[in-house]
Amino acid sequence: MRHAVALALALAGCGPGVANSPKPDAAASDLAGQTFGVPGEAMEYQVALRGMTIGRVQVAVGMPGWVDGRRAIILRSRGTSAGWMSLLTDLRWELTTTLDLDTGLPIHEIEESWLKEDGSPVHQRDEHDWGDNRGFNIHAAAGALRGWKSRVGQRARVQVTIDHFDVGVEVWEAAREFLASAKQPAVRYDGIARDKYNFSVWISDDEARVPLLLRTSTKLGEVTVELVHYDAPNDR
């Protein structure tokens, strides 16, 4: 299995679920057509397993433009191994998505990974046109969650495609609370992937709607993805 896919599945919760709020009985909302990002913003996240750093992820949002007559924007993510994980493997992963700003769905994506296996470098590249596919990739799902004008108890359902595998995800607004680690108010979303893997994500409760923290459990222990740096143009 590609290392990028393994990382994505771990963050979706491949293991015993974390404790979170019960799934509401309300009818699920459709997140298609809802997306948000601040043009020119950049985010850096630290990925930790059992409190020990294993990776870093940088995310950059481009400036709006036009692709084939559609309003679009380009998002890029780059992940690298770090901490003790870098002693075991030299991993680099990149995902570039051209996102339709009106539908919130991907138009085109390129995913690449670089690593060493048995001392030899291995490079994998996958380029994909989404066409009429109504599913989400990771970038589209994050943008939809940021753009969702939810209320406590409201839930939504999305289908996220990771390396050609479809993962059903349900998510709901669980609370409005103060996130001590980020020192700011946040909206907490709880969720479940594949009807059995639980996770929680905190998004800043302000106009920027920045993803602050993701927490889930895997078979190896709790995984956290926490924002450590955020930068956006001053004139936003």
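Of all positions in the range 104-112, at least one carries a residue that is in contact with a Gly (Cβ under 8 Å, 6 or more places away or on another chain) and in contact (Cβ under 8 Å) with a residue 60 or more places away in the chain. Test V228 against the stated conditions and say whether it is part of a strand (DSSP E or B), exposed (fewer than 12 other Cβ atoms within 10 Å of the Cβ), in contact (Cβ under 8 Å) with a residue 24 or more places away in the chain and of a type in the set (A, V, I, L, M, F, W, C). Here the answer is yes, as V228 does meet what is asked. Based on this model, can you work out whether L99 counts as modelled with pLDDT of 95 or more and either touching a His at 6+ places or on another chain (Cβ under 9 Å) or part of a strand (DSSP E or B) (or both)? Against the criterion (modelled with pLDDT of 95 or more and either touching a His at 6+ places or on another chain (Cβ under 9 Å) or part of a strand (DSSP E or B) (or both)), L99 qualifies. Among residues of the range 115-134 being within 18 Å of L31 (Cα to Cα) and surrounded by fewer than 13 Cβ atoms within 10 Å (Cβ to Cβ), the one that is farthest from the chain's Cα centre (by Cα) is D132. Please verify whether W84 is touching a strand residue (DSSP E or B) at 6+ places or on another chain (Cβ under 8 Å), more than 21 Å from F136 (Cα to Cα) and surrounded by fewer than 16 Cβ atoms within 10 Å (Cβ to Cβ), treating the condition exactly as stated. The answer is yes for W84. Scanning the range 27-59 for residues that are under 19 Å from P233 (Cα atoms), without any contact (Cβ under 8 Å) to a residue 60 or more places away in the chain and not polar (S, T, N, Q) returns a single hit, V59.
Quick one: is D90 acidic (D, E), within 16 Å of P39 (Cβ to Cβ) and part of a loop (DSSP other than H, G, I, E, B)? So D90 does not fit the description; no.
Restricting the range 135-168 to residues that are in contact with a Lys or Arg (Cβ under 9 Å, 6 or more places away or on another chain) and charged (D, E, K, R), the residue that is surrounded by the fewest Cβ atoms within 10 Å (Cβ to Cβ) is D163. Only one entry in R78, R71 is part of a strand (DSSP E or B), surrounded by fewer than 16 Cβ atoms within 10 Å (Cβ to Cβ) and either in contact with a Leu (Cβ under 9 Å, 6 or more places away or on another chain) or not charged (D, E, K, R) (or both), namely R71.
Mind telling me which of the residues E112, E94, E177 ends up being within 25 Å of R50 (Cα to Cα), under 17 Å from the mean Cα position of the chain (by Cα) and surrounded by fewer than 21 Cβ atoms within 10 Å (Cβ to Cβ)?
Details: E112 fails: within 25 Å of R50 (Cα to Cα); E177 fails: under 17 Å from the mean Cα position of the chain (by Cα).
Of E112, E94, E177, the one residue that is within 25 Å of R50 (Cα to Cα), under 17 Å from the mean Cα position of the chain (by Cα) and surrounded by fewer than 21 Cβ atoms within 10 Å (Cβ to Cβ) is E94.
The values are calculated or read from the model by the stated rules, or taken from the named source; none is laboratory data. Source: prediction; values computed, not measured. Note: ideal-geometry Cβ built from the backbone for every residue, glycine included; neighbour counts use all protein chains shown.
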